[in-house]
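**Student:** Right, I'll just put the structure down here and ask away after.
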Amino acid sequence: MRPFLLLSMIIISTLLVSNVFATSTKIYVWRNDDGVLVFSDSPKPGAEEVEIKEPNNMSSIDTSVLDITPKVIKEDYEVEINQPAMNATIRDNTGSVYVAGRIKPIFKRGLKIQLYLDDKPYEKPQPHSMFVLRNIDRGEHIIKMKLLNEKGKVIASSKPITFYMHRASVNKAN
């Protein structure tokens, strides 16, 4: 009888301890890039904790308590040119100008930037916001950046920036 009592105590203790650990597990939910709900016991930035009112047993999760309607994610992009500054004078005899831009809130994969120099596209759109202009003529120039989505549609544009290229002249005075 004594081994039976000991075995019963061990089984009851094991069940109680496993139940405590099962109810202390947290569940997180988020939508992946394709809009599909993902459930996990590991948190991820942007994930929300699911409140569980019943103990977490080995049964399935009741998703009827979740709001699974597709959420519209706002993609209000902003583009700004950080370099050169407005009305800056660039002194470079080779005519080189370094252009740096910034995209807010985040530069997602698939987006591209088209740089415009004097209202004309400069080279091809690229997946980053750093440009090097070469052999720019002397004088006043205006640059602008436009953010393009995967289909090539303009989804944001920067304010125009005016800069002045200063290059030494090869003309000699008589």
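**Student:** Restrict the check to segment 89-108 and report whether at least one residue is closer than 30 Å to D33 by Cα, exposed (fewer than 11 other Cβ atoms within 10 Å of the Cβ) and not β-branched (V, I, T).
**Tutor:** Here is the first cut: in segment 89-108, the ones closer than 30 Å to D33 by Cα are 100-108.
Now drop any that are not exposed (fewer than 11 other Cβ atoms within 10 Å of the Cβ), which leaves 105-106.
Imposing the further condition that a residue be not β-branched (V, I, T) reduces the set to 105.
Taking every residue of segment 89-108 in turn, at least one turns out to be closer than 30 Å to D33 by Cα, exposed (fewer than 11 other Cβ atoms within 10 Å of the Cβ) and not β-branched (V, I, T).
**Student:** Now, a different point. For I73, only one of the following conditions fails: (1) closer than 30 Å to P160 by Cβ; (2) surrounded by 10 or more Cβ atoms within 10 Å (Cβ to Cβ); (3) at pLDDT below 65. What is its number?
**Tutor:** Result: I73 passes all but (2).
**Student:** Go through A156, A88 for me and flag whichever is of a type in the set (A, V, I, L, M) and under 30 Å from W30 (Cβ atoms). Please lay out each step first, then the result.
**Tutor:** Values: A88 fails: under 30 Å from W30 (Cβ atoms).
It is A156.
**Student:** Moving to a separate point now. Quick one: which residue in E80, E123, E49 is modelled with pLDDT of 75 or more and surrounded by 14 or more Cβ atoms within 10 Å (Cβ to Cβ)?
**Tutor:** Answer to the selection: E80.
The values are calculated or read from the model by the stated rules, or taken from the named source; none is laboratory data. From a predicted model like this one, the values you see are computed outputs, not experimental measurements. Here the Cβ is made from the backbone with ideal geometry for all residues, glycine too, and neighbour counts use every protein chain on show.
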